[in-house]
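Following: one structure in structure tokens, then a few remarks.
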Amino acid sequence: MAYNSFEDLEVWKRACNLAVQTYEIMKNCRDYGLKDQMTRAAVSIASNIAEGAERDSKAEYIRFLHIAKGSAAELRTQVYIVRKINP
């Protein structure tokens, strides 16, 4: 798929929406450590997609996509924990 900028990528757009939703959901959370960790992980997903897309190497792009995938797994884990402690 050809693109001119990372802003053209549907996956980046969805990752940005996820970050915004995470901030909205966590805005009243009083567990500031968890709130910080979750919002950082959510922002990291979109940020790494963008950074990788702007690299001049396919290998670098793939590496940053793997980092974004790791951040997504981190956020999923945190959501799982939140659901367990706040049923």
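The values are calculated or read from the model by the stated rules, or taken from the named source; none is laboratory data. As the structure is a computational prediction, the values presented were derived from the model and not from experiment. When we count neighbours, we look across all protein chains shown, and the Cβ atoms used for this are built from the backbone with ideal geometry, even at glycine.
A few notes on this one:
- Filtered residues of segment 5-20 (kept if loosely packed, with under 15 Cβ neighbours inside 10 Å, aliphatic (A, V, I, L, M) and within 15 Å of Leu75 (Cα to Cα)): Val20
- The residue of segment 44-81 that is modelled with the lowest pLDDT, among those that are of a type in the set (Ser, Thr, Tyr) and out of contact with any Ser or Thr (no Cβ under 8 Å at 6 or more places or on another chain), is Ser57.
- Number of residues in segment 22-45 that are of a type outside the set (D, E, K, R) and under 18 Å from Lys69 (Cα atoms) equals 9.
- Checking segment 21-43 against the condition returns a match, with at least one residue being of a type in the set (Phe, Trp, Tyr), surrounded by fewer than 18 Cβ atoms within 10 Å (Cβ to Cβ) and in contact with a Ser or Thr (Cβ under 6 Å, 6 or more places away or on another chain).
- Members of segment 1-47 that are within 24 Å of Lys84 (Cβ to Cβ), within 15 Å of the chain's Cα centre (by Cα) and free of Cβ contacts under 8 Å to residues at least 24 places away in the same chain: Gln21, Tyr23, Glu24, Ile25, Met26, Lys35, Asp36, Thr39, Arg40
- Test result for Ala2, within 16 Å of Ala73 (Cβ to Cβ) and not β-branched (Val, Ile, Thr): no
- Qualifying residue in segment 57-65 (condition: surrounded by fewer than 18 Cβ atoms within 10 Å (Cβ to Cβ) and part of a loop (DSSP other than H, G, I, E, B)): yes
- Residue match in segment 57-65 (condition: basic (Lys, Arg) and more than 22 Å from Thr77 (Cβ to Cβ)): yes
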